[in-house]
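Q: What follows is a single structure, and I will ask about it in a moment.
Only the coordinates and a few stated rules stand behind these numbers; no lab work does. Bear in mind that the values here come from a model prediction, so they are computed numbers and not experimental data. Note: ideal-geometry Cβ built from the backbone for every residue, glycine included; neighbour counts use all protein chains shown.
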Amino acid sequence: MRRLIVLALIGLAAQLVDGSLGMAYGVTSTSLLLMFGIAPAVASASVHMAEVVTTAASGVSHIRFGNVDKQVVYRLIIPGSIGAFIGACFLGSIPGHLIKPFISAFLLLLGVFVIYRFMFKSNPTKEPVQKKFGKKFFIPLGFIAGFFDATGGGGWGPIATPVLLTSNRMDPRKVIGSVDTSEFAIAVSSTIGFLLTLGWSTVNVQWVLALMIGGVIAAPIAAWLVKIIPTNLLGTLVGGIIILTNIRTLFGALHVSQSVAQYTYVGLVILWAAAVINVIYKIRKVTAEA
């Protein structure tokens with residue numbers, strides 16, 4: 001029961017961040033499940049099954065708050081779904097103990113990527129350029145983001161959201177809402193792929209339900225928060241969490257000594273705190289100049 005409550009809280013926190021940032025539900029949830037010792041394929045499958053419900057709730061909430069560009073959603077769904085299905089089949093055919101260090105390393109890099117993108121976003125209030133993306137732009141973006149989302153348990157948001165945000169062609173809230181809404185199709189495709197390769201027997205339904213409950217509760221709150229919290233600050237915060245969680249899993253897989261691990265954790269926390277302070281300073285500076 002304690003574990004189920006913890007998983008529900010993980011689902012709530014992850015969806016709260018994902019819904020207000022456009023990323024990190026899968027990465028955060030999968031990272032914590034790996035830390036519990038759950039096999040990568042089972043962890044990713046459980047998260048994606050939960051996401052079928054949480055992304056639906058998140059999408060409905062974002063649509064109601066006017067945070068969605070439907071054209072972007074339509075163009076991301078097909079390549080993203082194909083990439084996610086292939087990625088799920090690929091992960092499900094590999095033994096867990098072999099792939100776990102690589103998945104943790106991938107998630108760690110995603111954490112660094114998230115911090116880099118949002119820490120150096122100099123002007124969060126800058127108006128987007130009114131220029132639409134071409135159709136061909138979404139095919140590689142959707143496929144790559146979908147593939148890595150299934151193999152890493154997260155990647156749809158961390159890849160799709162920053163790429164769309166840094167182009168400065170869309171309102172940030174529309175980017176976040178559109179990426180979150182389109183993720184429903186990616187979650188469905190990943191789940192089908194996992195069920196075909198793993199079957200129902202390897203998935204703990206109670207874990208999935210716990211993640212679902214937490215995510216559904218957080219979805220409407222997150223859709224509202226997207227309008228009031230600076231995305232670069234939230235991105236820097238969640239990036240640090242992803243890095244710290246996965247460096248621990250990676251060190252465990254590589255049998256790194258405890259003293260080296262502790263010094264590394266302290267150094268990363270200091271750097272993370274400096275990044276957060278830097279982002280807060282930039283936000284205040286921009287606000288003061290406005």
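Q: Any idea how far apart Leu9 and Phe137 come out in nm if each label point goes 7 Å out from Cα toward Cβ?
A: Taking the simple label geometry, Leu9 and Phe137 are separated by 4.2 nm.
Q: Could you please rank Ile242, Ile82, Ile247, placing first whichever residue has the fewest other Cβ atoms within 10 Å of its Cβ? Please report the intermediate quantities before stating the final value.
A: On the way: Ile242 27, Ile82 17, Ile247 20.
Ascending number of Cβ neighbours within 10 Å: Ile82, Ile247, Ile242.
Q: For a protection proxy built on the mean count of beta-carbon atoms within 10 angstrom, sort 275-281, 189-195, 47-53 highest first, please. Show your work: numbers first, answer last.
A: Working: 275-281: 15.3, 189-195: 24.4, 47-53: 27.1.
In decreasing order of mean packing, 275-281, 189-195, 47-53 become 47-53, 189-195, 275-281.
Q: Going by how many other beta carbons lie within 10 Å of each one, how would you line up Ser31, Ser61, Ser46, fewest first?
A: Working: Ser31 31, Ser61 23, Ser46 27.
By the 10 Å Cβ count, ascending, the order reads Ser61, Ser46, Ser31.
Q: Per-residue counts of other Cβ atoms within 10 Å, averaged by peptide: what ranking do you get for 252-264, 174-186, 67-79, highest first? Write out the running numbers ahead of the final one.
A: On the way: 252-264: 11.5, 174-186: 27.6, 67-79: 19.5.
Per-residue mean Cβ counts within 10 Å order the peptides as 174-186, 67-79, 252-264.
Q: Also: If R₀ is 35 angstrom, what is the calculated FRET efficiency for the pair Arg64 and Ala274, using the beta carbon separation as r and rounding to 0.05? It would help to have the intermediate numbers written out before the result.
A: Details: r = 38 Å, r/R0 = 1.09.
Once rounded, the FRET efficiency stands at 0.40.
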